[in-house]
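K.L.:
Structure incoming, see below.
The values are calculated or read from the model by the stated rules, or taken from the named source; none is laboratory data. Just so it is clear, the model here is predicted, and its values are computed rather than measured. Virtual Cβ from ideal backbone geometry, glycine too; neighbours counted across all protein chains shown. We work out accessible area using only protein heavy atoms, side chains counted, and drop any ligands, DNA or RNA first. Shrake-Rupley method; radii C 1.70, N 1.55, O 1.52, S 1.80 Å.
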Number of protein chains: 2
Amino acid sequence: MILGCLGPEGTFSHEMARALTDDEIFLFPTITDVFRAVTEAKCDGIVPVENSDAGAVGPVMDCLFRAPVFITGEAYLPVVHHFAAAVPADQITAIYAHPQAHDQCLRFTEGLGVPVIHTESNSASAAMATSHPGTGAITTETAACMAGLPLQQRSVQNTRDNTTRFLRISAHRPETRPMTGKCSLIIDPGADRPGLLYELLGVFDRCGLNLTRIESRPSKRAMGNYIFFIDVEIGPGLPEALEAVGELALVKDLGWYGRLEGKK
Amino acid sequence: MILGCLGPEGTFSHEMARALTDDEIFLFPTITDVFRAVTEAKCDGIVPVENSDAGAVGPVMDCLFRAPVFITGEAYLPVVHHFAAAVPADQITAIYAHPQAHDQCLRFTEGLGVPVIHTESNSASAAMATSHPGTGAITTETAACMAGLPLQQRSVQNTRDNTTRFLRISAHRPETRPMTGKCSLIIDPGADRPGLLYELLGVFDRCGLNLTRIESRPSKRAMGNYIFFIDVEIGPGLPEALEAVGELALVKDLGWYGRLEGKK
């Protein structure tokens, strides 16, 4: 199946997809468009779900909740941001950055003391800096190169081990379940019930399962009402745990999956 | 104490601050600048911490972790976004929006089918649309009015009951603790220990305390390592719970606080 991801060329999503396939890659203008194409089975999707510095990618989590898709694999990409500009850092009057890149390079951008202008993608940041003399961009090496913008300072992100976790999403659930890896669940408790999260975690504990991530998101029903995204390591107790959790709350099983392999 | 918040004039933070005081309000260009001024005891801060549709405000949560500040109150603001432009919606070629406003109006902006350009604030969105003929903005009534931009469509956010929760932050902990309200904690488990979150929630359960929110954030140490933001309702068992939780993990007590009252 062809892969689709957030474009334009030069985004981290594109870099991740290129590391996974030599085939054609479909590039979409928004995350929602990626999910729509996957739902229509036009391609599988590669979407960023969390970053080790900036945290969860909210729009992706909301699409995972709404769209009838399944997670079929995960992959990790080291993320390095560069400062690119036609002039040195002390001569720029503004800097372009995607909101996530801005978060991940906050210490660098605050040190510059110039306004930060948000863009749609790392590629757009580089293109804007090229077309607006006296400005700079937080961007990737590929995007800077494509925009003809020199790198003035490499590796300007807050943390050295900055990593983004990507998911492969598909319209269909694989026919076989892996014996190792992770299972991702969305748990919707409905109305707020004190102690319910403790009860839910108790189920996984009793079944000998380790949670690798728990993330709350607004249910969108009312302020203070949440749904929970839970990643759990696959183990023998998982089917029993899913049954028990299903008796406490609504559960969406997003899929059982392992690490994706890069192209050979 | 004077209040400070994210500017420029016309932001939701400014609107929230104006609902709380008739005194002068300091406006800062970034969330980090608000926290810095509060740390230096130049003012108290009013900062958005979560929205009922778009979820947690990551940069605010990261500043709460790093900065030596205390939460001294909370307040809620209904959030209504409008579509403002000099021309009707079907004639625009691009739309300006702050990333959080974009998230909260995703259904509307996707229906337009034009590129969305991110900005630093709702006020900047309105100003950009005014200075670029043929474009529009997702913005507030105040910001549209200040930019001289007519409202073409009111209330374009995804959910009707869109609400943002704000915190008041101060350099000093109040001398007395309220008997009702909430307590906000940051719990840092250090290395990943399976089952620790379940143990932590068990403490609150045994002490008869209700959690109103749990939010994980990256620890920034490594991918897959998290800290937890927990809001708990104040009750007689809270001091005992804090002691027990402190034996399991590092705990930062951000403060015990109630609802802020609007100006009379």
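K.L.:
Looking at B:Thr180, B:Thr176, which is the one that is away from chain A (no Cβ under 14 Å), more than 20 Å from the chain's Cα centre (by Cα), assigned to a loop (DSSP other than H, G, I, E, B) and under 30 Å from A:Ala222 (Cα atoms)?
P.N.:
B:Thr180
K.L.:
What is the one condition in (1) surrounded by fewer than 23 Cβ atoms within 10 Å (Cβ to Cβ); (2) touching a Phe, Trp or Tyr at 6+ places or on another chain (Cβ under 7 Å); (3) more than 14 Å from every other protein chain (Cβ to nearest Cβ); (4) polar (S, T, N, Q) that A:Thr163 does not satisfy?
P.N.:
Of everything listed in (1) surrounded by fewer than 23 Cβ atoms within 10 Å (Cβ to Cβ); (2) touching a Phe, Trp or Tyr at 6+ places or on another chain (Cβ under 7 Å); (3) more than 14 Å from every other protein chain (Cβ to nearest Cβ); (4) polar (S, T, N, Q), A:Thr163 misses just condition (3).
K.L.:
Test A:Tyr76 against the stated conditions and say whether it is within 14 Å of chain B (Cβ to nearest Cβ), open to solvent by 50 Å² or more (accessible area, probe 1.4 Å), among the hydroxyl-bearing types (Ser, Thr, Tyr) and in contact with a strand residue (DSSP E or B) (Cβ under 8 Å, 6 or more places away or on another chain).
P.N.:
Values: within 14 Å of chain B (Cβ to nearest Cβ): yes; open to solvent by 50 Å² or more (accessible area, probe 1.4 Å): yes; among the hydroxyl-bearing types (Ser, Thr, Tyr): yes; in contact with a strand residue (DSSP E or B) (Cβ under 8 Å, 6 or more places away or on another chain): yes.
Here the answer is yes, as A:Tyr76 does meet what is asked.
K.L.:
Out of B:Ala97, B:Ala144, B:Ala137, which single residue is over 17 Å from A:Thr119 (Cβ atoms), out of contact with any Gly (no Cβ under 8 Å at 6 or more places or on another chain) and open to solvent by less than 10 Å² (accessible area, probe 1.4 Å)?
P.N.:
Being over 17 Å from A:Thr119 (Cβ atoms), out of contact with any Gly (no Cβ under 8 Å at 6 or more places or on another chain) and open to solvent by less than 10 Å² (accessible area, probe 1.4 Å) holds for just one of B:Ala97, B:Ala144, B:Ala137, which is B:Ala144.
K.L.:
Please go through the range B:205-228 and pick out each residue that is open to solvent by 50 Å² or more (accessible area, probe 1.4 Å), more than 7 Å from every other protein chain (Cβ to nearest Cβ) and either touching a helix residue (DSSP H, G or I) at 6+ places or on another chain (Cβ under 6 Å) or of a type in the set (Gly, Ala, Ser) (or both).
P.N.:
Scanning the range B:205-228 gives a single hit, B:Gly208.
K.L.:
If you don't mind, another one. Condition (residue is acidic (Asp, Glu) and outside any loop (DSSP other than H, G, I, E, B)) applied to the range A:199-206: is it met by at least one residue?
P.N.:
Yes, there is a match, as at least one residue in the range A:199-206 is acidic (Asp, Glu) and outside any loop (DSSP other than H, G, I, E, B).
Conditions tested, residue by residue: (1) modelled with pLDDT under 95; (2) open to solvent by less than 30 Å² (accessible area, probe 1.4 Å); (3) of a type in the set (Val, Ile, Thr).
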{"site": "A:Thr159", "(1), (2), (3)": "yes, yes, yes"}
{"site": "A:Met179", "(1), (2), (3)": "yes, no, no"}
{"site": "A:Ala191", "(1), (2), (3)": "yes, no, no"}
{"site": "A:Val203", "(1), (2), (3)": "no, yes, yes"}
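K.L.:
Between a first residue in the range A:146-175 that is at positive phi and a second residue that is part of a loop (DSSP other than H, G, I, E, B), which pairs have beta carbons less than 7 Å apart while being 6 or more apart in sequence or on different chains?
P.N.:
Note: pairs meeting the criteria are A:Ser155/A:Val80.
K.L.:
Also: Could you run through the range A:36-65 and say how many residues are of a type outside the set (Asp, Glu) and closer than 15 Å to A:Ser184 by Cβ?
P.N.:
Taking the range A:36-65 first, the residues of a type outside the set (Asp, Glu) are A:36-39, A:41-43, A:45-49, A:51-52, A:54-61, A:63-65.
From the residues that got through so far, the ones that are closer than 15 Å to A:Ser184 by Cβ too are A:45, A:47-49, A:56-57, A:60-61, A:63-65.
The number of residues fulfilling the criteria is 11.
K.L.:
Suppose we filter the range B:225-264 for residues that are of a type in the set (Lys, Arg) and not in a loop (DSSP other than H, G, I, E, B); how many remain?
P.N.:
Qualifying residue count, the range B:225-264: 2.
K.L.:
To continue, here is another question. Residues to consider are B:Val87, B:Val47, B:Val114, B:Val80; find the one that is of a type in the set (Val, Ile, Thr) and outside any loop (DSSP other than H, G, I, E, B).
P.N.:
Result: B:Val47 is the single residue among B:Val87, B:Val47, B:Val114, B:Val80 that is of a type in the set (Val, Ile, Thr) and outside any loop (DSSP other than H, G, I, E, B).
K.L.:
Name every residue in the range B:51-73 that is within 21 Å of A:Met223 (Cβ to Cβ), open to solvent by 10 Å² or more (accessible area, probe 1.4 Å) and part of a strand (DSSP E or B), in order of residue number.
P.N.:
The answer is B:Ala56, B:Thr72.
K.L.:
Check A:Val47, A:Val60 and return the single one that is in contact with a Cys (Cβ under 8 Å, 6 or more places away or on another chain), of a type in the set (Val, Ile, Thr) and within 22 Å of A:Cys183 (Cα to Cα).
P.N.:
The conditions single out A:Val47.
K.L.:
Also, I was wondering about something else. Please pick out the residue among B:Glu233, B:Glu199 that is touching a strand residue (DSSP E or B) at 6+ places or on another chain (Cβ under 7 Å), open to solvent by 30 Å² or more (accessible area, probe 1.4 Å) and more than 7 Å from chain A (Cβ to nearest Cβ).
P.N.:
Details: B:Glu199 fails: touching a strand residue (DSSP E or B) at 6+ places or on another chain (Cβ under 7 Å).
The match here is B:Glu233.
K.L.:
I'm trying to understand the selection: among the residues of the range B:56-91, which are among the hydroxyl-bearing types (Ser, Thr, Tyr) and without any contact (Cβ under 8 Å) to a residue 12 or more places away in the chain? Break it down into steps so the answer makes sense when it comes.
P.N.:
Pass one, the range B:56-91, residues among the hydroxyl-bearing types (Ser, Thr, Tyr): B:72, B:76.
Residues satisfying the conditions do not exist here.
K.L.:
Further, regarding this structure: Consider B:Leu151 against the criteria (1) out of contact with any Leu (no Cβ under 7 Å at 6 or more places or on another chain); (2) at pLDDT 95 or above; (3) within 26 Å of A:Cys63 (Cβ to Cβ): it satisfies all of them except one. Which criterion is unmet?
P.N.:
Condition not satisfied by B:Leu151: (3).
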